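A.B. asks: Once you've had a glance at the structure underneath, I'll fire off some questions.
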Amino acid sequence: MRTKETSTIYLPLSGVESEHCALTVDKGLAGVKGINKHKVELNNHRAVIVTDEDNETVIKAVDAIRGLGYDVDTVKQQYSLTGMSCASCAVSAESTLIATKGVVNASVNFANTSVQVEYIPGVIDVTGLRSALQAVGYDLIVGEEQDAQETLESIHRNQLQQLKTKTRWAVIFSIPLFIIGMFFMNMPYANYIMWALATPVVLVFGRQFFVNAWKQASHRQANMDTLVALSTGIAYIFSVFNTLFPQFWHSRGVHAHVYFESAAVVIAFILLGKLLEERAKASTSSAIKKLIGLQPKTVTLVLPHDETKEIPISEVITGNILLVKPGEKIPVDGEVVAGNSFVDESMISGEPVPVEKEKGRKVFAGTINQKGSFQFVAEKVGGNTLLAQIIRMVQEAQGSKAPVQKLVDRIAGIFVPVVIAIAVLAFITWQILGGDNALTQGLLALVTVLVIACPCALGLATPTAIMVGVGKGAEQGILIKDAESLELAHKVNAVVLDKTGTITEGKPSVTALQWFDNSMPEAAQVLYSLEHASEHPLATAVTSYLKEKGNNKLLPLSDIQSVTGGGIKAGYRNVTFSVGNSRLMKEQSITVTTAISTWASEQSAKAQTVVLFAGNGKVLAGIAIADQIKPTSKDAVQSLQELGIAVYMFTGDNQQTAAAVAAQAGIKEYRAEALPADKAAFVQQLQQQGKVVAMVGDGINDSHALAQADVSIAMGKGSDIAMDVAKMTLITNDLTRIPAALKLSRKTVATIRQNLFWAFIYNVIGIPLAAGVLYPVNGFLLDPMIAGAAMALSSVSVVSNSLRLKWSKL
C-alpha cells in the first residue's frame, strides 16, 4: 500500500505585519482540511504548513489567507509550451501543473501553445515545473523573453519541417497501399506488400502518437494521441494477425480481412490535418510578429567625441545616447537631445501625419524616423518601452481564456474517456448483435469511432477566434487585456463617456479671436509677448493660436506683472497692455462697450471662456477659449446610438459647459459637476437597472468608475493608472474605435459560436455513423479513412473560420 508523502510548505506572506495579523492567519489555516500542522512566523513573514495531502490543500491554504485580506507572494509567469497535439493535451498539461505542489494556478492556451503559471517561489521553481511537464510528454521554453521567443520559433520551425517530411512520406507510402487495398486485394502477396508499405507509416511516421499515448497512459491520462494510437494500433495488429494466421478465420468460415490501408491512410490524413492546422495557427499570431518586428535588432550608440558604434539592442541601457538616421526605426523610448526630424508615430497615435521632433521631445520605440538625423537619450529600455508594454498586453490577452473556453476545457477533459467508452460499447454491441462478421465489424466500428472523435477542433474553436480578435484589435488601435472583456463587450448596452480628454481634446484651444480695434499694427505681437510671459494654462492656447497665424515675434516688454485671479499686464513703448478677465478690465478702468459685452455673452453661452486684451485704456480684442470636442466624437456617439446603445456623459465641469459639449456631441443624457465617486455610483446605478455598462475615461479620476464598469476602456493618451485599471485601451484618441471595439466583440463571439458548431457537428454526426447505427437500416458503415479525413477537415474548418475575422470590417 502506497504511503502518503508528508511535505512542509513555506508560504511567503504579504500584509501580515503584527501578532494580531499572524494570529488571524493561523486561525484561518486551522480551518483548512488536509493541513496536519501549521504556524505563522511573523519575523520570517511566512506561514509553515505540513500536509500529506495533494496540492489542492496548498491551494486551499492560499485561498484561505487571501480570503482573510492578506496575501501570499507568488510569481506569475507566461511560458511557451511544446509537445501539445490537441485540446486534451492542454487539459492534461494544465491539470499536471495544478497538481504540482507549489502551483497556485495554471492556464494553458492550446492555440498559442503557452501557459500562464502562478506558483509559490521557494516551494517550486521553473525547473520543477519543467520536470512535472516533461514526465507527461510536454516541455517549457525558459529563458530571457527575447531568447525564449526565438527559441520557440526555432523549435516550431523544426517541428513544422519534421511534420512536413513525415506527412510527405506517409502520403507517398499510403497512395499505393490505398490502391492495392481498394482494387487489387486479390493480387499475389497483396497482404504482405500492404504490410510492408503500412509498417513505416504506422511505426515510423506515426510513432509520435504511440509514444505520447504511452506517456499519457503512464499518468492515467488520455488525449487525442490515445485515440489515434488505439485506433491505428488495433487495425494494424489485427491485420498482421490475419496476414500471418488467415486459417484462424478460414476455419470459422470467415474471410481474414486486413486493414493496413485504413491504419496508414488514417495516420497520413491526421498528419496532413495537423500540418494544415499548424500553418493556420501560425498566421493567427501574425499581429504579435508584426509588433515584435517594429523593434530593430541593432542600434547606433554615440560615444564621446561623437564617435559611433553599432551594438545589439539588448545592450542598450538607460542614459545611453543613441543616433537615429533617416528611415530607421527608433529602438527604445527616450528624449531628443540633438538634431530634429519628423517621425511616423501612426502605430501609437493613429495619426498619419509625421510628428516633428526637436530637442526636448519624447520619442517611442517602434516609431519610424522619416527624414533628418537626431540623437536621443534612452529613458526606457527592454520591457519598459511603450512598444514592449503593447506587445505584453496583446500576448497576455491572447493567452487569457474567455469564460466559454473554461466550459470547453471541461468538455475536452472528459471527451476522450467518453469516446473510448462509446467505442468499446460499439464493439461489444457488434459482438452481441453482429452475426457472422461480428468481430470484424466490431473492430471496424471501434477504430472508426476513435478516429473521428478527435477533439482538436473543439480545443481550437475559442482560442483561435480570441487570438485573431485580439490581433485584429491591436491592428486597429484597440488593445484588449483579456479574453473575458472581448467576449463580454458584445453585450454592452450602455456607454458612459468622460468629457475632458475623452469626448473633448483635453486641452484648451482658441475658438475665436475678435479684433475690436485695428489701430495698432503690432497689437498681435504684443498679445503674443504678454501671453508668452504668462504661466496661466489658457495663455498656452493663445500663444499656440498666434504662432499658427505667424504672430510669434517676441517684443521687449517692461514692468511685467501677474495679477492673481485676473490676468497679466506689462508696458510696451510707454503704453500699458493687459490680458485677462472682465475683473481685470474693471480694475484697470478700461471701458467695455456694449458690443464687446454682447460678443462676450454670446461666447459664454457656448461654454467658451472669454479673455479680453486691452491697451491704451480700451479693449483691443476678445479671445474665446474652449476645450473643443474631438472631430470624431459626434460620429462615434452616433455610431453607438445606431447600435442601440444608450450613451451618457459624465463630467466634473459646470452645468453650462456640460450642456454645450453634450449638445455638440449629440448626447442627450449627461451629469455635470460630478465627483469621481459619483461616476462609479452612476455606473453601478445603471448596472442595477440591468444594463451592461462600458465606461470610457482617460484620467485618474475615472479609475474608480472604470473598475466598477463591466467593460472598461481607457484612452491611450490618458493616465497610466487609467490604462492599468481598464481592460481595453484605445491607442489613438479616436472615439470611433469604441463602436469598432464593440463590433469586434460581436464578430468574435459570433465566430466562437460558429467554430463550436463546426467542432461539434462532425462528432455529433460522425460518432453514431462510425458506431454503425445505420448498418441495420441500409448496411452503411463509415470507413476509417473517411473518418480520418473528416477529423482533419474539422480542425481546418474551425481555424479557417477564425481567420475570416482578420479581413472583416469594423
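The values are calculated or read from the model by the stated rules, or taken from the named source; none is laboratory data. Keep in mind that this is a model prediction, so the values were computed, not measured. Here the Cβ is made from the backbone with ideal geometry for all residues, glycine too, and neighbour counts use every protein chain on show. To get the accessible areas, we keep the full protein, side chains included, count just its heavy atoms, and leave off ligands, DNA and RNA. Shrake-Rupley method; radii C 1.70, N 1.55, O 1.52, S 1.80 Å.
A.B. asks: May I ask for the Rg/Rh ratio of the stretch 576-648, computed from Cα atoms with Rh as the Kirkwood radius, given to two decimals?
C.D. replies: Values: Rg = 18.4 Å, Rh = 14.6 Å.
Expressed as Rg/Rh, it is 1.26.
A.B. asks: So what is the calculated 222 nm ellipticity per residue for the chain, using -39500 (n - 2.57) for each DSSP H run with n of 4 or more, over all residues, to the nearest 500 deg cm²/dmol? Walk me through the numbers on the way to the answer.
C.D. replies: Details: 29 runs with 400 residues, N = 810.
-16000 deg cm²/dmol, from helical runs alone.
A.B. asks: Next up: At R0 = 41 Å, how high is the FRET efficiency between Ser14 and Leu294 if r is their beta carbon distance? Nearest 0.05 is fine.
C.D. replies: Details: r = 37 Å, r/R0 = 0.90.
Taking R0 as 41 Å, the efficiency between Ser14 and Leu294 is 0.65.
A.B. asks: 5 Å is the cut-off here: which amide hydrogens, built 1.01 Å from N in the peptide plane, fall below it relative to Thr298, excluding neighbours closer than 5 in sequence?
C.D. replies: Ile313
A.B. asks: May I ask you to evaluate 6.51 cos²θ - 1.76 cosθ + 1.60, the Karplus curve with θ = phi - 60°, for each residue of the stretch 625-641 and list the ³J(HN,Hα) values in order in whole Hz, giving x for glycine and proline?
C.D. replies: 10, 8, 8, 6, 6, 5, x, 9, 5, 5, 5, 5, 4, 5, 4, 5, 5
A.B. asks: Here is a further query. Cα convex hull of the stretch 51-123: mean projected area in nm², to one decimal? Kindly include the intermediate steps, with their values, before the conclusion.
C.D. replies: On the way: hull surface 21.5 nm².
The orientation-averaged projected area of the Cα hull of the stretch 51-123 comes to 5.4 nm².
A.B. asks: Still on this structure, please answer the following. How far, in degrees from 0 to 90, does helix 737-771 lean away from the longest principal axis of the Cα atoms of the chain, to the nearest 10?
C.D. replies: 10 degrees
A.B. asks: Once both labels are modelled 7 Å past Cα along the beta-carbon direction, what's the Gln688-Trp807 spacing in nm?
C.D. replies: 5.0 nm
A.B. asks: Note down the Stokes-Einstein diffusion coefficient of the stretch 593-707 in µm²/s, whole number, using a Kirkwood radius over alpha carbon pairs, 25 °C, and 0.890 mPa s. Intermediate values should be presented prior to the final figure.
C.D. replies: Values: Rh = 16.4 Å.
The Stokes-Einstein estimate is 150 µm²/s.
A.B. asks: In whole Hz, with x marking every Gly and Pro, tabulate ³J(HN,Hα) for the stretch 650-663 from phi via Karplus 6.51 cos²θ - 1.76 cosθ + 1.60, θ = phi - 60°.
C.D. replies: Ordered by residue, 3J(HN,Hα) equals 10, 8, x, 5, 6, 4, 5, 5, 4, 5, 5, 5, 4, 5 Hz.
A.B. asks: Mind ordering 463-469, 178-184, 237-243 by average Cβ neighbours within 10 Å, highest first?
C.D. replies: So the peptides 463-469, 178-184, 237-243, ranked by packing, come out 463-469, 237-243, 178-184.
A.B. asks: Which one, Thr540, Val32, Met585, projects farthest toward the positive side of the charge dipole computed for the chain from Cβ point charges (K/R +1, D/E -1)?
C.D. replies: Farthest along the dipole direction, towards plus: Val32.
A.B. asks: Under a 1.4 Å probe, what is the accessible area of the chain per residue, stated in Å²?
C.D. replies: Details: 36900 Å² over 810 residues.
Value for the chain: 46 Å² per residue.
A.B. asks: Still on this structure, I have one more. Which order do the peptides 168-175, 589-596 come out in when sorted by mean C-beta neighbours inside 10 angstrom, highest first?
C.D. replies: In descending order of packing, they fall as 168-175, 589-596.
A.B. asks: Something else: Helix 207-218 against the longest principal axis of the chain: what's the angle in degrees, Cα atoms only, rounded to the nearest 10?
C.D. replies: Approximately 90 degrees, to the nearest ten.
A.B. asks: Tell me the carbon and sulfur percent of the accessible area for the stretch 471-616, rounded to whole percent, probe radius 1.4 Å.
C.D. replies: Taking all protein chains in place, the stretch 471-616 shows 46 percent carbon and sulfur surface.
A.B. asks: For the stretch 410-530, what is the Kirkwood estimate of the hydrodynamic radius, computed as the reciprocal of the mean inverse distance between distinct Cα atoms, to one decimal in Å? Before the final figure, lay out the partial values.
C.D. replies: Values: mean 1/r = 0.0453 Å⁻¹.
Averaging 1/r across every pair of different Cα atoms and inverting gives 22.1 Å.
A.B. asks: Starting from 0 in steps of 5 Å, tell me what percent of the Cα-Cα pairs of the stretch 170-232 lands in each bin.
C.D. replies: 4, 18, 22, 17, 14, 11, 8, 5, 1
A.B. asks: Run the Debye formula on the Cα coordinates of the chain, all scatterers equal and no solvent, and tell me log10 I(q)/I(0) at q = 0.05, 0.07, 0.08 1/Å.
C.D. replies: -0.41, -0.72, -0.88
A.B. asks: For the chain, find the longest principal axis of its Cα atoms and tell me its angle to the long axis of helix 594-605, 0 to 90°, nearest 10.
C.D. replies: For helix 594-605, the angle is close to 20 degrees.
A.B. asks: Could you tell me what percent of the DSSP beta bridges with both partners in the chain are antiparallel, to the nearest 5? List each step's numbers first, then the result.
C.D. replies: On the way: 86 of 106 bridges.
Counting DSSP beta bridges with both partners in the chain, the antiparallel share is about 80 percent.
A.B. asks: If you don't mind, there's one more thing I want to ask. Sort 576-582, 511-517 for me by packing, meaning the mean count of neighbouring Cβ atoms within 10 Å per residue, highest on top.
C.D. replies: Sorting 576-582, 511-517 by mean packing, highest first, produces 576-582, 511-517.
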